[in-house]
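Undergrad: Starting off with a structure, shown below.
Read-outs throughout are calculated quantities, based only on the coordinates presented, and are distinct from any laboratory measurement. From a predicted model like this one, the values you see are computed outputs, not experimental measurements. FYI the Cβ positions are ideal-geometry reconstructions off the backbone, even for glycines, and counts take in every protein chain you see.
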2 protein chains.
Amino acid sequence: MKVVIIGGVAAGPKTASKIIRLTPDADIAVVEKGSLLSYAGCGLPYYVSGEVKEQKHLMETPAGAVRDSAFFQNVKNIKVHNNTEALEVDRAGKRVRVKSSKTGEESWLSYDKLVLATGASPVIPRLSGIDKKNVFTLHGVHDAEGIKAILAEGKAQDVVIIGGGLIGVETTEALAAHGCRVTVVEMLPQILNMLDWEIAQLVEQHLESKGVRVMTATKALALESRHGDGECVTHVQTDKGDLPADMVILAIGVRPNVTLARKAGLSIGEKTGALCVDDHMRTSDPDIYAAGDCVECTDRLTGRPCFVPLGSTANKQGRVAAVNICGGNETFPGILGSTVCKVFDFCVARTGLTETGALSAGYEIVTSMAPGPDKAHYMPQSKPLLLKLVADKETGRLLGVQATGPGDGAKRIDVAATAISAGMTLDDIANLDLAYAPPYAPAMDNLITATNVARNKRDGLMVGISAQEVYRKIQDGADFFFLDVRSPQEYAEVRLPKSTLIPLGALRKRLNEIPKDKEIVAFCKISLRGYEAALVLKAAGYDNVKVLDGGVAMWPYEKEK
Amino acid sequence: MKVVIIGGVAAGPKTASKIIRLTPDADIAVVEKGSLLSYAGCGLPYYVSGEVKEQKHLMETPAGAVRDSAFFQNVKNIKVHNNTEALEVDRAGKRVRVKSSKTGEESWLSYDKLVLATGASPVIPRLSGIDKKNVFTLHGVHDAEGIKAILAEGKAQDVVIIGGGLIGVETTEALAAHGCRVTVVEMLPQILNMLDWEIAQLVEQHLESKGVRVMTATKALALESRHGDGECVTHVQTDKGDLPADMVILAIGVRPNVTLARKAGLSIGEKTGALCVDDHMRTSDPDIYAAGDCVECTDRLTGRPCFVPLGSTANKQGRVAAVNICGGNETFPGILGSTVCKVFDFCVARTGLTETGALSAGYEIVTSMAPGPDKAHYMPQSKPLLLKLVADKETGRLLGVQATGPGDGAKRIDVAATAISAGMTLDDIANLDLAYAPPYAPAMDNLITATNVARNKRDGLMVGISAQEVYRKIQDGADFFFLDVRSPQEYAEVRLPKSTLIPLGALRKRLNEIPKDKEIVAFCKISLRGYEAALVLKAAGYDNVKVLDGGVAMWPYEKEK
């Protein structure tokens, strides 16, 4: 069996390796346009930051072997043509025309099965000055080397990152590690569009606490050279003013590489622009498979096509494609858009549907916000973790979870992704036997607490109100009673605007201070005491009592200090 | 509604708090024998170590309020009788006889619903000398204070811990932090009986690398005073010799406190000795509920009764009991024996069935051992994680996972617990959309790799062999070829006995060195290259090739250096 695989970075080598394991006599050729193979693209921000010390570490196996052509030949019996571009797929003739960028020679490689693992490329905005020397994307190893060279010269004091998505945010920290003043310019009203607004807001606040300037709803208009030799950008012009820039990083996102597939007449997803595949990773041509960043995925919850290029998905898809190419029958069930990224001291993660996503998919939902320590609260290593949970109101099924804060969100997101895949309801999750010990989790895991809050809301025991709604009330000068039930010490430290303090322990005795005819919004730090206060008030005959979702800990606006 | 709750530590206060939230006018009395309420018993080892600085931190809410009687009265409207022992349950009269240890006064508390949350007590072995001053359990805050007092005097150089279970092992680290020389004496052939032998062996090796002496299959016979005033133990006599001891910690396990329940004629589990409850947490008397360390649980996989007292379970059960007491309908589905503990630099965790447990439950199984970095291997913070997975051979359903090593095992165990609860198969788990970024996970998560190894074995692509079997072959002088396919550098560092090095990259050219008529066992560090070597050999006509489960990384015996 002859297999040609186009793409030598992630999905390509994975597919090749699995095929050779299943069919040791397969004749496999991997065609890679670049010179480097199997490099860890996701590791580039950490190479820029200096955490990953050497370029070759991104190319090595865990055992320390560099994955070059010789490695693939000797260890795996896979022939790799790097520096070789695939120019054309002749589907009728079952062959691929390739061209060596070194010799300029063209040749045809014939195949029984073809795998497209052509990846994705960074979106380059049409801005004047985009070709200047100090403008980079962060997609390949060469980009990282270019950025590192400028950093090494100590010339990059001000860096502007255009785009506040995953790569933009990850790069922020890498640059700050070098002492750069970083500004993130994002066209949308929030960074990290994979999150609901108020969660993204908490991340923005954290970035700003680290000296990063975040400009949302801001459009970059031009990259200008105002001094020097004109070869370098010195300023980024935006619709909110000009920003000095010794370096510009374009992190607007990536677009699937489908030119070859399109020319070959393969189906391309209308909305995503990515290659269509079935659950066997087969394209519209049964002899052509595809995997990785160039393909469209299916959202496991909504069934809708989506484009979420990630190395983890690429690896799984490569395995599925290989099994099917070798005559097996394996399916890829789609994705949940599970994502995690490190933003300075915060772990930011999500899976499934956000509130916005769930509403636009037509769900009637219940949400909960659960801030709390990620380990037993008396352990010195415990850190705050802020969870937002979205569930289907009708069935109680979990739809999505978002996590942010210094606590271990990655763990809870993986558990949530597993629970969503299994179709678990809130009731199922509340009694999961998650492993408990003080150095690892609170006795009631954060995810279980978030689940129980959502159950309380769904059961009508608690009426929540979002910070956004409360903020609007305050802005509108609405007449409501904003009841803080924390301790006087906590109140002295930080307060929400227009709030009145009556500590929970004193509430029963001070009911006379609370108006019976007004809407009451109760809260504390994490809104557990807020919830208890609401129950006390309800029992005392107050009938319009709400609890602020997420309490002080997740208030996304400015606080009084 | 009058509710009496016996027990004020974990399940009791949780039940009380949830009842008062659901039924604010409930008349709740909590009866607690000790003086302290709601203290975090699981935190005691970290109080002994000094990580938790003050006793009161174990008693505080996350917001810093001390949970004493006044707190329960003022904040929760719950009456707490501490220093009060429940002596008798009069089921016919629906009342409990209690006695104050301060005044000696006896009285009756009547109830509509009674909750038994009487907890468990440490097992005290019948050994002479057990009453000496320097012999402790680590169950309550007073035990911890006693241990800390001796440590503070600097008099405890040699400490013997009798029992190598969870508490014994957790306490080891706390004592080593004070510079003690610690010896763990365990009667069984392994410590941490919740793990399979070879995983426990890896933990033992880690303990020993930290200067802890582990004596398994060793029986403590007597606690002796050979010098001094005779009030303190100086030696522990065992069947493997005498051990000097300036302090002795008894950590043999705990036994459910069921005297009261037994006297009241409630059903007690035959095998566990714990209180029987249905899935509504109701005892054999419909007006008496029970929760926490005194009750028997159901194993979710086998349906068998078990006794695994943990704070996490106590909290969940307390909530379930409360909901049902208040007229709701909630069930507790049982447990998976999920456990995690910190052993110096190792995270040791497990969920579901071990290999031993699965076999004794009658399953035909497939297992896999998957060592690997817990994050992208090129990230400096990545650490080795060693997973063992057990699945049902027939259905492919996941049955259990064990984790050890410095890597983040807690996360993978929680995901596994969720997957097992959902009845997921290996195929389901292999394509879970777990969140990936280099600082948090490898592109193929460790659990997914472990799953894929098990799939390969189940599909007959790989024949595994356990370290135990190979070791037996070596001991028996069996004639087999033990093929190490790592690099010469790796081989120079550490080797398995009787192995021959042929690096994977050279294997195809050096087949002539490998006998065709012998059994071949291939391995590498983690057994991925070992697997690839086996496939190369199979393709070359070798028909008796096995792969060492877990490779060098999980070899539980001595290695050559």
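Undergrad: Between segment B:1-70 and segment A:48-68, what is the C-alpha centre distance in whole Å?
TA: 51
Undergrad: While we're on this one: In Å, what Kirkwood hydrodynamic radius results for segment B:464-554 from the alpha-carbon pair distances?
TA: Working: mean 1/r = 0.0782 Å⁻¹.
About 12.8 Å for segment B:464-554.
Undergrad: Restricting everything to alpha-carbon atoms, can you work out Rg to Rh for segment A:45-167 with a Kirkwood hydrodynamic radius? Kindly include the intermediate steps, with their values, before the conclusion.
TA: Values: Rg = 18.8 Å, Rh = 18.1 Å.
Across segment A:45-167, the Cα-based Rg/Rh ratio is 1.04.
Undergrad: Per 10 Å bin, what is the whole-percent P(r) computed from every C-alpha pair distance within chain B?
TA: 3, 16, 23, 24, 18, 10, 4, 1, 0
Undergrad: Ordered by residue, what ³J(HN,Hα) values in Hz, to whole numbers, does segment A:269-284 give under the Karplus form 6.51 cos²θ - 1.76 cosθ + 1.60, where θ = phi - 60° and Gly and Pro are x?
TA: x, 5, 7, 8, x, 9, 5, 7, 9, 8, 6, 9, 6, 8, 7, 5
Undergrad: Related question: Kindly give the distances from A:W108 to its copy-mates, label point to label point, with each label point 7 Å from Cα along Cα→Cβ, as nm values to one decimal ordered shortest first.
TA: Label-point distances to the other copies, shortest first: 10.1 nm.
Undergrad: Name the long-range amide H neighbours of B:R255: under 5 Å, sequence gap of 5 or more, or other chain; modelled H, no Pro or chain starts.
TA: For B:R255, the qualifying residues are B:S121, B:V123.
Undergrad: While we're here: Report the relative contact order of chain A, percent, no decimals, based on alpha-carbon pairs under 8 angstrom and at least 6 residues apart. It would help to have the intermediate numbers written out before the result.
TA: Values: 1256 pairs, mean separation 58.3, N = 561.
Relative contact order for chain A comes out at 10 percent.
Undergrad: What base-10 log of the normalised intensity I(q)/I(0) is obtained for the protein assembly as shown from the Debye formula, alpha carbons as equal point scatterers, at q = 0.07, 0.09, 0.10 Å⁻¹?
TA: Treating every Cα as an identical point scatterer, log10 I(q)/I(0) equals -0.71, -1.14, -1.36.
Undergrad: Still on this structure: One decimal, nm, shortest first: give the distances between the label point of B:K240 and those of the same position in the other copies, each label point 7 Å from Cα along Cα→Cβ.
TA: Reported distances to equivalent positions: 6.7 nm.
Undergrad: Return the tail of the calculated pair distribution for segment A:463-504, meaning the percent of Cα-Cα pairs more than 11 Å apart. All intermediate terms of the calculation are to be shown ahead of the outcome.
TA: Working: 580 of 861 pairs.
Counting every Cα pair in segment A:463-504, those more than 11 Å apart make up 67 percent.
Undergrad: Antiparallel versus total DSSP beta bridges in chain A: what percent is that, nearest 5?
TA: The antiparallel proportion sits near 55 percent.
Undergrad: So what is log10(I(q)/I(0)) for segment B:111-190 at q = 0.16, 0.18, 0.21, 0.22 1/Å, when the Debye sum runs over its Cα atoms only?
TA: -0.67, -0.82, -1.08, -1.18
Undergrad: Using only helices, what value at 222 nm comes out for chain A when you add -39,500 (n - 2.57) per DSSP H run of length 4 or more and divide by the total residues, to the nearest 500 deg cm²/dmol?
TA: Values: 15 runs with 143 residues, N = 561.
About -7500 deg cm²/dmol.
Undergrad: Please give me the summed charge of the neighbours of B:A422: other residues whose Cβ is under 9 Å from its Cβ, Lys and Arg +1, Asp and Glu -1. Before the final figure, lay out each step's value.
TA: Numbers: positive: none; negative: A:D428, B:D428.
After counting each charged neighbour, the total is -2.
Undergrad: How large are Rg and Dmax for segment B:345-458 when calculated on the C-alpha trace, in angstrom?
TA: Every Cα atom of segment B:345-458 included, Rg and Dmax give 13.2, 43 Å.
Undergrad: For segment A:194-240 and segment B:375-425, what is the separation of their Cα centres, given in Å?
TA: The distance from the Cα centre of segment A:194-240 to that of segment B:375-425 comes to 40 Å.
Undergrad: Sticking with this structure for a sec: Tilt of helix B:311-325 relative to the longest C-alpha principal axis of chain B, in degrees (0 to 90, nearest 10)?
TA: 50
Undergrad: Okay, moving on. Taking the Cα centre of the protein assembly as shown as origin, sum charge times position over the Cβ atoms of Lys and Arg (+1) and Asp and Glu (-1), and report the length of that vector in debye to the nearest 20. Before the final figure, lay out the partial values.
TA: On the way: 130 positive and 134 negative charges, 36 e Å.
Taking the Cα centre of the protein assembly as shown as origin, the dipole is about 180 debye.
Undergrad: Mind checking the angle between helix A:166-176 and chain A's longest principal axis? C-alpha axes, 0 to 90 degrees, to the nearest 10.
TA: Computed tilt is about 80 degrees.
Undergrad: Going by amide H atoms built from the backbone, whose H comes under 5 Å of the H on A:R181, apart from near neighbours?
TA: Here the answer is A:D158, A:V159, since their amide H atoms fall under 5 Å of that of A:R181.
Undergrad: Oh, and also: Divide the volume of the convex hull of the Cα atoms of segment B:292-399 by its number of residues and quote the answer in cubic angstrom per residue. Show your work: numbers first, answer last.
TA: Values: hull volume 16.3 nm³, N = 108.
Dividing the Cα hull volume of segment B:292-399 by its residues yields 151 Å³.
Undergrad: Is segment B:135-252 best put as rounded, prolate or oblate by its Cα gyration tensor, with a ≥ b ≥ c the root eigenvalues, rounded for a/c under 1.5, and otherwise prolate when a/b is larger than b/c, oblate when not?
TA: Working: a/c = 1.82, a/b = 1.40, b/c = 1.30.
Verdict is prolate for segment B:135-252.
Undergrad: May I pose another question? Considering amide H positions built from the backbone, and no H for Pro or chain starts, which residues 5 or more places from A:L87, or on another chain, come under 5 Å of its amide H?
TA: For A:L87, the qualifying residues are A:R97, A:V98, A:K99.
Undergrad: Mind checking the mean number of beta-carbon atoms from other chains within 10 Å of the Cβ atoms in B:309-319? Let's see the in-between values first.
TA: Details: counts 0, 5, 7, 12, 4, 2, 7, 10, 1, 1, 6.
That average works out to 5.
Undergrad: If a/c stays under 1.5 just call it rounded; otherwise compare a/b with b/c (prolate if a/b is bigger, oblate if not). Do that for segment A:254-355, with a ≥ b ≥ c from the square roots of the Cα gyration tensor eigenvalues. Numbers along the way, then the final one.
TA: Details: a/c = 1.97, a/b = 1.60, b/c = 1.23.
Note, shape of segment A:254-355 comes out prolate.
Undergrad: Turning to a different aspect of this structure: Taking Cα pairs under 8 Å and at least six residues apart, what relative contact order does segment A:228-374 come out at, in percent? Show your work: numbers first, answer last.
TA: Values: 193 pairs, mean separation 20.0, N = 147.
Relative contact order comes out at 14 percent.
Undergrad: Give me a comma-separated list of calculated 3J(HN,Hα) values for segment B:43-54, in order, Karplus coefficients 6.51, -1.76, 1.60 applied at θ = phi - 60°, integers in Hz, x for any Gly or Pro.
TA: x, 4, x, 7, 6, 5, 5, x, 5, 8, 6, 10
Undergrad: Something else: Residues of A:439-447, mean number of Cβ from any other protein chain within 10 Å of their own Cβ, rounded to a whole number? Kindly include the intermediate steps, with their values, before the conclusion.
TA: On the way: counts 11, 11, 4, 5, 12, 7, 4, 0, 2.
That average works out to 6.
Undergrad: Let me ask something additional. Residue by residue through segment A:24-29, which ³J(HN,Hα) values in whole Hz follow from phi under the Karplus form 6.51 cos²θ - 1.76 cosθ + 1.60 (θ = phi - 60°), with glycine and proline marked x?
TA: Karplus values, whole Hz, x for Gly and Pro: x, 9, 5, 9, 10, 10.
Undergrad: Roughly how big is chain A's charge dipole about its Cα centre, with Cβ charges of +1 (Lys, Arg) and -1 (Asp, Glu), in debye to the nearest 20? Mind showing how you got there, number by number?
TA: Details: 65 positive and 67 negative charges, 84 e Å.
Result for chain A is approximately 400 debye, rounded to the nearest 20.
Undergrad: Something else: Return one number: the angle in degrees, 0 to 90 and rounded to the nearest 10, between the long axis of the Cα atoms of helix A:11-22 and the longest principal axis of the Cα atoms of chain A.
TA: In chain A, helix A:11-22 runs at an angle near 70 degrees to the longest axis.
Undergrad: From Cα pairs below 8 angstrom and at least 6 apart in sequence, can you work out the relative contact order of segment B:345-458, rounded to a whole percent? Write out the running numbers ahead of the final one.
TA: Values: 254 pairs, mean separation 36.6, N = 114.
Computed value for segment B:345-458: 32 percent relative contact order.
Undergrad: Residues of B:413-426, mean number of Cβ from any other protein chain within 10 Å of their own Cβ, rounded to a whole number?
TA: Details: counts 4, 14, 8, 3, 6, 16, 5, 2, 10, 8, 1, 3, 0, 0.
Mean shielding by partner chains, rounded to a whole number: 6.
Undergrad: Quick one: of the DSSP bridges fully inside segment B:135-252, what percent are antiparallel, nearest 5? Working shown, then result.
TA: On the way: 8 of 24 bridges.
DSSP beta bridges in segment B:135-252 are roughly 35 percent antiparallel.
Undergrad: Further, regarding this structure: If each label sits 7 angstrom from Cα along the C-beta direction, how far apart, in nm, is B:K210 from its counterparts in the other copies?
TA: Label-point distances to the other copies, shortest first: 3.1 nm.
Undergrad: If exposed GluC sites (Glu not before Pro) are those in a DSSP loop with at most 12 other Cβ within 10 Å, what is the longest stretch of chain A that has none? Walk me through the numbers before you get to the answer.
TA: On the way: sites that count: A:E54, A:E105, A:E153, A:E231, A:E270, A:E364, A:E394, A:E558.
With a cap of 12 other Cβ atoms within 10 Å, the longest stretch comes to A:395-557.
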